[in-house]
Amino acid sequence: MAFVPYALTRPFLFGLDPESAHELTLGAMTHLQNTPAQALWAQGRVDDPVIVAGLKFPNRAGLAAGLDKNGRCIDGLGAMGFGFIEVGTVTPKAQPGNPKPRLFRVPAANALINRLGFNNDGLEAVVNNVQRAKTFRAAGGIVGLNIGKNAATPIERAADDYLLALRGVYPHADYITVNISSPNTQNLRALQSDDQLQLLLNMLVGRRAELEREHGHKPIFVKIAPDLDEEQVKVIATTLMRHGIDGAVATNTTVSRHGVHHLPNGQETGGLSGAPLLAGSNRVIRLLRAELGEAFPIIGVGGVMSAADAKSKIKAGADLVQIYTGLIYNGPALVPEVAKALRG
């Protein structure tokens, strides 16, 4: 159990604007990870090994991409008990993201809205940070790297960015997630359409064939949106299997404002995460599982605020579960709670 209960620190953090609280927390963790001060938040990791996409995950509870975009705190976050951590989204070039303010709490709904826009320090810096992480991986932790395109890159040249990012992260990742579903990069979700997705995946799989000769096989996952209809999910599922993609991450944030439109900050532009996303994310997971069969790996993410929410993801068809907004609202204790609830 963490030395300092989250109930004592949350009022202070929630007294700050969300992005300042986020940066303060990550900054402190960056400096204090792998020191005795890590006991302030460290927790024992639940032992529940499972093989997914050929990788041995220490347990089924993971951290979703977006919280540690630059891979600064892999060891510190890993000390909370995660079995796997997904870093990013990383783009080939550093970029500041969208103008501030761009992150908003909706406390009455246990939700966040963000329009960050892939703000990150760029491929080289993120890879350097990942290489510095030691203790989490030494203890068997799995690190995924989530890749995207730069905002300045025209959508018709998006594949160029994904290919550059794949080449850069491949030697340093346990798995790679291709993010084509953020609502905060203009036209990005168009890459989920059949023709564009087929073209992108064909190029990525071809590039992987070159890279794996030197670095071995690394699973590629594709992260999709919750705002897809049944036919769109079916088309994506067929395309993933046809191109030999190893897994799906379902889902990203939603552009829907169902359940929050009447609340303060509820109408802010961006992607909605947290409790209101649970049902929509689970719907997509169920559709994917029905199309992909039992063996195809699915990471479920979206709306996990409790152990019961995590179990609902597995019931819907996920193999592994990621959290993000639940960590913000409920603190590090959620990680072992989820891992224990999902223990086989």
Q) If only one of Thr89, Thr25, Thr30 is farther than 21 Å from Val335 by Cβ, modelled with pLDDT of 95 or more and of a type in the set (Ser, Thr, Tyr), which one is it? A) Thr89
**Q.** Filter result for Arg213 (over 17 Å from Tyr170 (Cβ atoms) and either of a type in the set (S, T, N, Q) or surrounded by fewer than 20 Cβ atoms within 10 Å (Cβ to Cβ) (or both))
**A.** no
Q: Look through the range 277-293, keep the residues that are of a type outside the set (A, V, I, L, M) and over 20 Å from His243 (Cβ atoms), and return whichever of them is surrounded by the most Cβ atoms within 10 Å (Cβ to Cβ).
A: Ser281
Q) In the range 99-113, which residues are over 19 Å from the mean Cα position of the chain (by Cα), assigned to a loop (DSSP other than H, G, I, E, B) and in contact (Cβ under 8 Å) with a residue 60 or more places away in the chain? A) Lys100, Pro101
Q: Find all pairs meeting these conditions: Cβ atoms under 6 angstrom apart; at least six residues apart or on different chains; first residue within the range 1-21 and surrounded by fewer than 16 Cβ atoms within 10 Å (Cβ to Cβ); second residue at pLDDT below 95 and in a helix (DSSP H, G or I).
A: Phe3/Ala39; Phe3/Leu40; Val4/Leu40
Q: Residues being over 14 Å from Ala173 (Cα atoms) and of a type in the set (A, V, I, L, M): count how many of those fall in the range 96-135.
A: 9
Q.
Can you find a residue that is outside any strand (DSSP E or B), under 21 Å from the mean Cα position of the chain (by Cα), buried (at least 17 other Cβ atoms within 10 Å of the Cβ) and among the polar types (S, T, N, Q) anywhere in the range 156-179?
A. no
(Q) Given (1) over 24 Å from Ala61 (Cβ atoms); (2) part of a loop (DSSP other than H, G, I, E, B), identify the lone condition not met by Leu116. (A) (1)
Q) Looking at the range 274-293, is at least one residue touching a residue at least 40 places away in the same chain (Cβ under 8 Å) and in a loop (DSSP other than H, G, I, E, B)? A) no
Q: Identify the residue in the range 44-61 that is at pLDDT 95 or above and closer than 20 Å to Gly76 by Cβ and, among all such residues, is nearest to the chain's Cα centre (by Cα).
A: Ala61
Q: Please enumerate the residues belonging to the range 54-90 that are surrounded by 22 or more Cβ atoms within 10 Å (Cβ to Cβ) and among the small types (Gly, Ala, Ser).
A: Ala61, Gly62, Ala64, Ala65, Gly66, Gly71, Gly76, Gly78, Ala79, Gly81, Gly83, Gly88
Q | Output for the range 302-320, where each listed residue is in contact with a helix residue (DSSP H, G or I) (Cβ under 7 Å, 6 or more places away or on another chain), closer than 23 Å to Pro107 by Cα, among the aliphatic types (A, V, I, L, M) and not in a loop (DSSP other than H, G, I, E, B) | A | Ala307, Ala310
Q: Could you grab me the full set of residues in the range 135-151 that are among the polar types (S, T, N, Q) and assigned to a loop (DSSP other than H, G, I, E, B)?
A: Asn150
Q. If you take the residues in the range 1-50 that are among the small types (Gly, Ala, Ser) and assigned to a helix (DSSP H, G or I), which one is nearest to Gly140 (Cα to Cα)?
A. Ala39
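The values are calculated or read from the model by the stated rules, or taken from the named source; none is laboratory data. Since this is a predicted model, take the numbers as computed values, not measurements. Quick reminder, even Gly has a Cβ in these numbers, built from the backbone with ideal geometry, and neighbours come from all protein chains shown.
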